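Notes follow once the structure below has been shown.
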Amino acid sequence: MLDRVLLVIFTCSALLFMATLSVTPYPFDYLVKTLPILCLAALAFRAIPGAKGRLIGVGLLFSGAGDILLQVDGVRLFVHGLGAFLIAHLFYIAAFIRRPALVRARMAILATIAAYGCIMGFLLLPRLGDMLVPVTIYLVIILGMGISASLGTENHALVIAGACFFIVSDSLIAVNRFLAPLPLSGYLVMGTYYAAQLFITIGAARRIPPLTSELTSGKNFK
């Protein structure tokens with residue numbers, strides 16, 4: 001029952017923040033933005049068993065900290081917010097990279113993430129200026145998060161989808177900030193971001209590894 005309540009609060013607060021994007025900043029908008037992530041953190045600690053749940057829960061808390069920093073002052077605190085999300089991704093990597101294997105069904109996803117990362121790096125790196133080092137490190141880490149989600153054979157497909165949505169969301173931020181303004185960027189960024197965190201949390205709570213039959217049939221590559 002509590003898990004359903006948390007999901008309802010997540011949905012309502014996420015929709016509320018997106019509905020009020022056009023009037024930000026307003027008092028305590030950072031709390032409205034962060035409440036959905038805090039609900040998912042509570043859900044992760046409750047619904048995901050063992051160390052995996054703790055790792056994802058802590059990762060969500062660091063994501064919430066990043067949300068607050070970027071909402072309070074997205075210019076002065078950009079690097080601090082980036083750092084908070086970087087730490088979140090390190091916790092996600094630790095949660096995802098369990099029983100890694102190159103499984104045929106996921107090789108296309110791995111190749112797509114790698115190619116996407118190369119393209120984003122090619123477009124972004126010449127435009128980063130004094131943000132070159134922190135953004136490059138962050139790019140490597142978030143791509144590592146996506147690759148870890150794909151390699152970990154205990155990860156449900158929703159986890160991989162969430163990791164990919166996260167990469168897309170942060171790519172939109174980077175494009176909008178460093179390359180060219182994007183129409184409706186706030187809605188696109190937050191929509192993909194909330195979806196990413198939801199998919200990661202719900203997918204990690206799934207207890208049946210979807211790749212068990214493929215692994216035992218030998219369709220994996222060491």
Quiz item: Mind checking which residues of segment 61-78 are part of a helix (DSSP H, G or I) and either of a type in the set (D, E, K, R) or at positive phi (or both)?
Solution: Asp67
Practice problem: Give the residue, chosen from Ile119, Ile137, that is more than 25 Å from Cys12 (Cβ to Cβ) and either in contact with a helix residue (DSSP H, G or I) (Cβ under 8 Å, 6 or more places away or on another chain) or in a loop (DSSP other than H, G, I, E, B) (or both). | Solution: Ile137
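Please determine, by comparing only the residues of segment 8-19 that are surrounded by fewer than 20 Cβ atoms within 10 Å (Cβ to Cβ) and touching a helix residue (DSSP H, G or I) at 6+ places or on another chain (Cβ under 7 Å), which one is farthest from Asp67 (Cα to Cα). Steps first, please.
Our first condition is that a residue be surrounded by fewer than 20 Cβ atoms within 10 Å (Cβ to Cβ); within segment 8-19, this holds for 8-9, 11-12, 15-16, 18-19.
With touching a helix residue (DSSP H, G or I) at 6+ places or on another chain (Cβ under 7 Å) added as a condition, the list becomes 9, 16, 18.
Values: Ile9: 17, Leu16: 15, Met18: 14 Å.
Selected residue: Ile9.
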Self-check item: Extreme residue, farthest from Phe85 (Cα to Cα), among residues of segment 27-67 that are charged (D, E, K, R) and more than 17 Å from the chain's Cα centre (by Cα)
Solution: Arg46
Exercise. Kindly indicate whether Ala95 is among the small types (Gly, Ala, Ser), closer than 17 Å to Ala196 by Cα, part of a helix (DSSP H, G or I) and touching a Leu at 6+ places or on another chain (Cβ under 6 Å).
Key: yes
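Every residue, every condition in (1) over 17 Å from the mean Cα position of the chain (by Cα); (2) surrounded by fewer than 19 Cβ atoms within 10 Å (Cβ to Cβ); (3) touching a residue at least 40 places away in the same chain (Cβ under 8 Å); (4) not in a helix (DSSP H, G or I), yes or no:
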| site | (1), (2), (3), (4) |
| --- | --- |
| Arg106 | yes, no, yes, no |
| Met131 | yes, yes, yes, no |
| Val159 | no, no, yes, no |
| Ile167 | no, no, yes, no |
| Pro181 | yes, yes, no, yes |
| Val189 | no, no, no, no |
| Ala195 | no, yes, no, no |
| Ile200 | no, no, yes, no |
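Restricting attention to segment 20-51, which residues are within 18 Å of Ile68 (Cα to Cα), hydrophobic (A, V, I, L, M, F, W, C) and out of contact with any helix residue (DSSP H, G or I) (no Cβ under 7 Å at 6 or more places or on another chain)?
Val23, Phe28, Leu31
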Exercise. Give the residues of segment 45-59 that are in contact with a Ser or Thr (Cβ under 8 Å, 6 or more places away or on another chain) and assigned to a loop (DSSP other than H, G, I, E, B), sorted by residue number.
Key: Ile48
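Values quoted throughout were computed directly from the atomic coordinates according to the rules given, and no laboratory measurement underlies them. As the structure is a prediction and not an experimental result, all values here were calculated from the model. Backbone-built Cβ (ideal geometry, glycine too); neighbour counts: all protein chains shown.
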